[in-house]
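Novice: Sending over a structure as structure tokens; questions will come in a sec.
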Amino acid sequence: KNQVEQSPQSLIILEGKNCTLQCNYTVSPFSNLRWYKQDTGRGPVSLTIMTFSENTKSNGRYTATLDADTKQSSLHITASQLSDSASYICVVSDRGSTLGRLYFGRGTQLTVWP
Amino acid sequence: EAGVAQSPRYKIIEKRQSVAFWCNPISGHATLYWYQQILGQGPKLLIQFQNNGVVDDSQLPKDRFSAERLKGVDSTLKIQPAKLEDSAVYLCASSRLSGQGGSPLHFGNGTRLTVT
């Protein structure tokens, strides 16, 4: 069964600290993995996309990694800011066409305290 | 570019009533999605359109939910009659090509539905 599991479910950190969010998937075949950030009361916004051949990709203070062998991805946030407080959702695509499906994780709720 | 527009922002109805949501995607985006997001969960696909044709509606409760995309642009999602378990945020998203192919989904801010 194709699934996307995220951990932890929730996380509280102090401003300025780093954190790492995890995404494990069983989706097969694999086309790509995307991380989204969802602020409270808003729709998700794409942060980064990882394809099979990519191991690491950065977007500002966000760095995503992908291990296609173990089917794991992580999102590392450096020097956290209050505005990083949001839900982070991992989404995996099984095929690179409209015939494929997108599988959503339940998200990790990150709270950054001052 | 203008983002995905959704209305209304909030809606409160009683069970067994009907409700409709409207979505205007980003101009030129061929693919449009409707998702249901229950509090604390990830979005669940209800229906996917490619232009004005349905690509995937396998998870749409067709006995009460319906959706259409007129002329391949705007879309409406209707629930009739509503049940208590329909309380959720309904997100509309669009993408230039298909999200499965790697194009990012652009989401609207959603409609929060409360069924009492």
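The values are calculated or read from the model by the stated rules, or taken from the named source; none is laboratory data. Just so you know, these numbers come straight off a predicted model, no measurement behind them. Don't worry about glycine lacking a Cβ; one is built from the backbone with ideal geometry, like all the others, and counts go over all protein chains shown.
Novice: Listed residues A:LEU11, A:LEU110, A:LEU33, A:LEU75; which is surrounded by 13 or more Cβ atoms within 10 Å (Cβ to Cβ), touching a residue at least 40 places away in the same chain (Cβ under 8 Å) and in contact with a helix residue (DSSP H, G or I) (Cβ under 7 Å, 6 or more places away or on another chain)?
Specialist: From the options A:LEU11, A:LEU110, A:LEU33, A:LEU75, the qualifying one is A:LEU110.
Novice: Given (1) within 14 Å of another protein chain (Cβ to nearest Cβ); (2) modelled with pLDDT of 95 or more; (3) more than 21 Å from A:LEU33 (Cβ to Cβ), where does B:THR76 come up short, assuming only one miss?
Specialist: (1)
Novice: Output the residues belonging to the range A:92-107 that are touching a residue at least 12 places away in the same chain (Cβ under 8 Å) and in contact with a helix residue (DSSP H, G or I) (Cβ under 8 Å, 6 or more places away or on another chain).
Specialist: Answer for the range A:92-107, where residues must be touching a residue at least 12 places away in the same chain (Cβ under 8 Å) and in contact with a helix residue (DSSP H, G or I) (Cβ under 8 Å, 6 or more places away or on another chain): A:SER93, A:ASP94, A:ARG95, A:GLY96, A:GLY100, A:ARG101.
Novice: Do we find that A:THR63 is in a strand (DSSP E or B), among the hydroxyl-bearing types (Ser, Thr, Tyr) and farther than 17 Å from A:VAL91 by Cβ in this structure?
Specialist: Taking the combined requirement at face value, the residue satisfies it.
Novice: Right, here's the next one. Which members of the range B:79-100 meet the condition of being in a loop (DSSP other than H, G, I, E, B) and either under 16 Å from the mean Cα position of the chain (by Cα) or within 14 Å of chain A (Cβ to nearest Cβ) (or both)?
Specialist: Selection gives B:GLN80, B:ALA82, B:SER87, B:ARG96, B:LEU97, B:SER98.
Novice: How many of the residues making up the range A:12-58 are part of a strand (DSSP E or B), of a type outside the set (Val, Ile, Thr), more than 16 Å from A:GLY107 (Cβ to Cβ) and within 12 Å of chain B (Cβ to nearest Cβ)?
Specialist: So the answer is 2.
Novice: Report yes if A:ARG95 is at negative phi, at pLDDT below 95 and out of contact with any Gly (no Cβ under 9 Å at 6 or more places or on another chain), otherwise no.
Specialist: No, not satisfied.
Novice: Do you know which of the residues in the range A:37-61 that are within 10 Å of the chain's Cα centre (by Cα) and among the hydroxyl-bearing types (Ser, Thr, Tyr) is nearest to A:LEU21 (Cα to Cα)?
Specialist: The qualifying residue nearest to A:LEU21 (Cα to Cα) is A:THR48.
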